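First the structure, in the form of structure tokens, and then the observations on it.
The values are calculated or read from the model by the stated rules, or taken from the named source; none is laboratory data. Note that this is a predicted model, so its numbers are computed, not measured. Here the Cβ is made from the backbone with ideal geometry for all residues, glycine too, and neighbour counts use every protein chain on show. Note: accessible area is taken over every heavy atom of the protein model, side chains too, but ligands, DNA and RNA are not part of it. Shrake-Rupley method; radii C 1.70, N 1.55, O 1.52, S 1.80 Å.
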Amino acid sequence: DGGITQSPKYLFRKEGQNVTLSCEQNLNHDAMYWYRQDPGQGLRLIYYSQIVNDFQKGDIAEGYSVSREKKESFPLTVTSAQKNPTAFYLCASAQLGQPQHFGDGTRLSIL
Amino acid sequence: QQPVQSPQAVILREGEDAVINCSSSKALYSVHWYRQKHGEAPVFLMILLKGGEQKGHEKISASFNEKKQQSSLYLTASQLSYSGTYFCGGCGAGGTSYGKLTFGQGTILTVHP
């Protein structure tokens, strides 16, 4: 079945540590997105990529980095520069202008 | 700047109707609506591509007034399964903004038996 797979489901980060969240899609979508969701908040865009080897900063890119070396993969690294990383992270993919399909999310917490 | 949704929360009895509004301060190419259950991923409901367009899916429909940059989601004869948080997402026109959604803060809908 086609879909988006995010891993891990839960992740814990120590102070000063970088962590990487995985996002893989087999929908053959050109565009991929990373969102952050805080309790009671909407979805805020971190980074997005419209094509392979290209990506754009979203509204809250500071402290995060991404890569898009393959069409099906768009990993997100939460760096130590992100001082408040505890949140629910959602990855999505879409054909441009079409509905976005979301993964099940990764919940990141600080140890 | 994110779209503004209203109301922030609404409580209904089964069978009642509700309207959720979404207003944008910038020009939009399209509006997307999603519903999210607690702890789950958002699920796509519908997309409105043209000004004045109105679309429907069973008892859920939506409209988009391009002149006012406002969209409304209509839920009629609500069911328990409609409970969740509803988000509107505004999509810009061209270039690197195309396909980029800016979401509203969400409207929490609770349907009671």
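Numbers at a glance
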read-out	value
Single residue of the range A:27-48 satisfying the filter (free of Cβ contacts under 8 Å to residues at least 60 places away in the same chain and more than 10 Å from chain B (Cβ to nearest Cβ)) that is most open to solvent (accessible area, probe 1.4 Å)	A:PRO39
Complete set of residues in the range B:23-38 that are over 13 Å from B:CYS91 (Cα atoms) and assigned to a strand (DSSP E or B)	B:TYR34, B:ARG35, B:GLN36
Odd one out for A:ARG36, checked against (1) in a loop (DSSP other than H, G, I, E, B); (2) closer than 20 Å to B:TYR34 by Cβ; (3) among the charged types (D, E, K, R)	(1)
A:LYS71 being open to solvent by 40 Å² or more (accessible area, probe 1.4 Å), away from chain B (no Cβ under 14 Å) and under 26 Å from B:TYR29 (Cα atoms)	yes
All positions within the range A:100-111 that are away from chain B (no Cβ under 14 Å) and either crowded, with 17+ Cβ neighbours inside 10 Å or among the acidic types (Asp, Glu) (or both)	A:LEU108
Filter result for A:GLY97 (in a loop (DSSP other than H, G, I, E, B), open to solvent by less than 10 Å² (accessible area, probe 1.4 Å) and either within 10 Å of another protein chain (Cβ to nearest Cβ) or within 27 Å of A:LYS14 (Cα to Cα) (or both))	yes
Residue within the range A:83-93 that is over 24 Å from B:ARG35 (Cα atoms) and loosely packed, with under 15 Cβ neighbours inside 10 Å present	yes
Per-region count, the range B:1-22, residues within 13 Å of chain A (Cβ to nearest Cβ) and assigned to a loop (DSSP other than H, G, I, E, B)	4
One residue from A:SER49, A:SER80 being in a strand (DSSP E or B) and of a type in the set (Ser, Thr, Tyr)	A:SER49
Enumeration of residues in the range A:55-68 that are open to solvent by less than 60 Å² (accessible area, probe 1.4 Å) and either of a type in the set (Phe, Trp, Tyr) or outside any loop (DSSP other than H, G, I, E, B) (or both)	A:GLN56, A:TYR64, A:SER65, A:VAL66
Pairs with Cβ under 6 Å, 6+ apart, first in the range A:49-63 and within 18 Å of A:LYS83 (Cβ to Cβ), second open to solvent by 30 Å² or more (accessible area, probe 1.4 Å) and among the hydrophobic types (A, V, I, L, M, F, W, C)	A:GLY63/A:ALA81
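Yes/no per residue for (1) under 13 Å from the mean Cα position of the chain (by Cα); (2) at pLDDT below 75; (3) within 14 Å of chain A (Cβ to nearest Cβ):
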site: B:GLU58; (1), (2), (3): no, yes, no
site: B:SER61; (1), (2), (3): yes, no, no
site: B:LEU73; (1), (2), (3): yes, no, no
site: B:THR76; (1), (2), (3): no, no, no
site: B:GLY84; (1), (2), (3): yes, no, yes
site: B:GLY90; (1), (2), (3): yes, no, yes
